[in-house]
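Novice: Before anything else, here's the structure in question.
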Amino acid sequence: MASSDRGTSTLQGWHALQTLWRGDQRSVIQGLPHSQLAPAWQLLLLGDGSPTRHLQLLTGEPTAVDVIEMAPIADQDDGAPPPIRAIAGPRLRRQVWLRTASGQRLAYATSWWTQQRVDAYLRDRAQPIWANLADLRTELYRDIQGVEYGDSTALSEAFGQTGPFWGRYYLFWHQGQPLTLIYEVFSPAIATYLGPSTPQPVV
C-alpha cells in the first residue's frame, strides 16, 4: 500500500514501495554509482524509453497487460508521488501488471489521469499505454521525476520474488501539458536478462 509519507489520501489502494532509498531528478540525470545500480538496470530505470518495449526486446515475447483496476478517485492525491499535483482532477487511477505473453510478471504500474481525458488516450484499455499512444502517433516527453528502492509484501507475493525492488515515477507530457503520472516497480526476475541489479547492497 502507499506509504504514509506521500500524502493525506485515505484511498491508498495501490502498491507503493516502503522506501529504503529514494533519488530525485538529480540522481536520475547524473545516474547512480554502478556499485548501487548496475549499468544495464540504469538504462531500464533512468532512460526515457518505453518499459513495455524494453521488456519485449529483453524477453523476446510481446509484453501483455493485465488491468487490475481503473477507478475514479475524485480530487484525492491518493498517496501518490508529489507530481500528482500536475494532473488535474477529478482523477482516475489505473493499475496493471506487465508480463510476458507466456505469463511471467515483470513489472507493476499505477498511473493517474485526468478522468475526462483518459478515454482519448487509452482507447484500448487492455493494451499498454505505449501501444495506445503509438497507435495515435502521440508525441510525448517522458519526464522521470524520481527513483526508489524498497520493499512491498504485496509485490513480493505477486512477483514470486523477494525484495527489495527498484521503481521509478515520471510524468508524460504532450503538447506542453502533463498527460499522466506513472509509477512503476520492476521484478528482480529481470535479472535473468540484465544480470543482478545491485552488485553491492544499498544502504
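No value in this document is a laboratory result; all are computed from the given coordinates. The shown structure was predicted, so the numbers you read here are calculated from the model rather than taken from an experiment. Here Cβ is always computed from backbone atoms with ideal geometry, including for glycine, and neighbour counts include all displayed protein chains.
Novice: Which ³J(HN,Hα) values, rounded to whole Hz and listed in residue order, are derived for the stretch 75-92 from phi using the Karplus coefficients 6.51, -1.76 and 1.60 in 6.51 cos²θ - 1.76 cosθ + 1.60 with θ = phi - 60°, glycine and proline given as x?
Specialist: Per-residue couplings from phi come out as 9, 5, 6, 6, x, 6, x, x, x, 4, 5, 7, 9, 5, x, x, 10, 10 Hz.
Novice: Using alpha carbon centroids, what distance separates the stretch 21-51 and the stretch 156-180, in Å?
Specialist: Using only Cα atoms, the two centres lie 13 Å from each other.
Novice: For GLY79, what residues show an amide H to amide H distance below 5 Å, using hydrogens built from the backbone and excluding near sequence neighbours?
Specialist: Here the answer is THR8, SER9, since their amide H atoms fall under 5 Å of that of GLY79.
Novice: Also: If r is the Cβ-Cβ distance from SER102 to ALA154 and R0 is 25 Å, what FRET efficiency results, to the nearest 0.05?
Specialist: Efficiency for this residue pair is about 0.65.
Novice: How far, in nm, would the chain grow between ARG85 and GLU69 when pulled straight, counting 0.36 nm per residue and subtracting the alpha carbon separation? Walk me through the intermediate numbers first.
Specialist: Values: separation 16, 0.36 × 16 = 5.76 nm, distance 2.11 nm.
Between ARG85 and GLU69, full extension yields an extra 3.7 nm.
Novice: Once you have a ≥ b ≥ c as the square roots of the Cα gyration tensor eigenvalues for the stretch 6-120, tell me rounded if a/c is under 1.5, and otherwise prolate or oblate according to whether a/b is larger than b/c.
Specialist: It is oblate, given that a/c is not under 1.5 and a/b is not larger than b/c.
Novice: Name the shape class, rounded, prolate or oblate, that the alpha-carbon gyration tensor gives for the stretch 59-116, where a ≥ b ≥ c are the square roots of its eigenvalues, rounded holds for a/c under 1.5, and otherwise prolate holds if a/b is larger than b/c and oblate otherwise.
Specialist: Prolate shape, in that a/c is at least 1.5 and a/b is the bigger ratio.
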